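Written out below as structure tokens is the structure these notes cover.
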Amino acid sequence: MRPYTIIFSTMSVDGRIATEEGFSRLSCDEDFKIQHELRAWSDAVLVGANTAIKDNPSLTVRKAVGKNPLRVVVDASLKVPPTLDMFSIPGKGVIITTEDHNGEELAKYKERGIVIIRAGVGPEVDLRTAVRALFEMGVRRLMIEGGGTTSYRFLKEGLVDELWITLSPIVFGSGTSIINGERSLLQDLYLRELKVLCGGWVHLRYKVIKREKEV
Ligand SMILES: NC(=O)c1ccc[n+]([C@@H]2O[C@H](COP(=O)([O-])OP(=O)(O)OC[C@H]3O[C@@H](n4cnc5c(N)ncnc54)[C@H](OP(=O)(O)O)[C@@H]3O)[C@@H](O)[C@H]2O)c1
């Protein structure tokens with residue numbers, strides 16, 4: 001069993017979520033509202049280690065009504081500092097890493113009340129094991145807020161139910177792709193909803209068409 005999972009990302013017209021230099025401010029007010037409503041709906045919000053370090057997001061609900069979700073980071077190499085904003089706000093913080101890390105390496109996180117999930121060995125977290133562990137912790141609704149590598153890996157494992165994308169009226173020309181993988185995915189999608197926001201942004205909601213490889 002696994003949580004119902006929605007990826008939420010805002011991208012440039014050329015499919016980038018950040019420039020080479022790390023600029024990623026793409027949302028308008030109505031987009032922020034949707035993002036925070038989705039956080040409030042979710043039991044947990046998850047980001048990749050690079051997003052956690054580069055953006056230091058709090059992942060809390062501020063532009064909508066509702067309670068803060070559990071805040072989760074996927075970090076195979078255990079590079080995120082325990083002082084990140086997502087861990088300093090009251091409520092649970094979770095790091096998903098591999099079984100290669102233990103003892104002293106984990107102590108600095110546990111001291112701050114951060115929960116550690118160890119899933120798989122080697123350079124990649126076993127995401128199937130990880131989402132089962134989240135489910136066992138009570139997570140039924142999971143929101144993924146990028147970055148591109150994390151979204152790619154969840155999609156590749158068949159662990160995503162919906163993709164919510166907002167298209168921002170800007171061209172980046174280079175930078176991190178919204179789905180950033182090393183091999184082709186060819187994942188089919190079904191468009192369920194389309195809305196124009198703030199007079200120029202386009203919000204799209206896709207259902208991910210299921211494949212055989214499911215949890
Ligand atoms: N516009 C937007 O909506 C938006 C949203 C989010 C992020 N962003 C931008 O996106 C950029 C970051 O994206 P990114 O693609 O570089 O990185 P990312 O997805 O944030 O993080 C990738 C890292 O997460 C860890 N990770 C994720 N899945 C894993 C798995 N299955 N196994 C092992 N480790 C896993 C790995 O860390 P280890 O190195 O520890 O193995 C990997 O290097 C930032 O510049 C950020 O500003 C934009």
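The values are calculated or read from the model by the stated rules, or taken from the named source; none is laboratory data. Because the structure is predicted, anything quoted here is derived from the model rather than measured. Quick reminder, even Gly has a Cβ in these numbers, built from the backbone with ideal geometry, and neighbours come from all protein chains shown. Calculation scope for accessible area: heavy atoms of the full protein, side chains included, ligands and nucleic acids excluded. Shrake-Rupley method; radii C 1.70, N 1.55, O 1.52, S 1.80 Å.
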So the pair-distance distribution of the chain, from every Cα-Cα distance in 5 Å bins, comes to percents of 1, 7, 15, 20, 22, 17, 11, 5, 2, 0, 0
Rounded to a whole %, the carbon-and-sulfur portion of the accessible area of the range 41-131 at a 1.4 Å probe is 49 percent
Calculated from DSSP helices alone, with each H run of at least 4 adding -39500 (n - 2.57) and the total divided by the residues of the chain, [θ]222 nm to the nearest 500 comes to -6500 deg cm²/dmol
Rounded to the nearest 0.05, FRET efficiency between TYR4 and LEU185 (Cβ-Cβ, R0 22 Å) equals 0.60
Under 5 Å from the placed amide H of ILE117, counting only residues 5+ away or on other chains, we find ILE95, ILE96, THR97
Distance in nm between LYS33 and LYS195 label points, each 7 Å along Cα→Cβ, equals 0.8 nm
Cα-Cα longer than 25 Å, checked against LYS33/LYS195; LYS92/LYS210; LYS33/LYS67; LYS33/LYS54, kept in input order, equals LYS92/LYS210
By the Cα gyration tensor axes a ≥ b ≥ c (a/c under 1.5 gives rounded; else a/b larger than b/c gives prolate, otherwise oblate), the shape of the range 95-160 is prolate
By the C-alpha gyration tensor axes a ≥ b ≥ c (rounded if a/c is under 1.5, else prolate when a/b exceeds b/c, else oblate), the shape of the range 105-215 is prolate
Env charge @ ARG25, Cβ radius under 14 Å, K,R +1 / D,E -1, value -2
Reduced to Cα centres, the span from the range 1-55 to the range 147-161 in Å works out to 13 Å
Note on the range 16-69: the mean projected area of its alpha-carbon convex hull, in nm², is 4.0 nm²
Regression test value, accessible area per residue of the range 4-208, probe 1.4 Å, units Å², expected 47 Å²
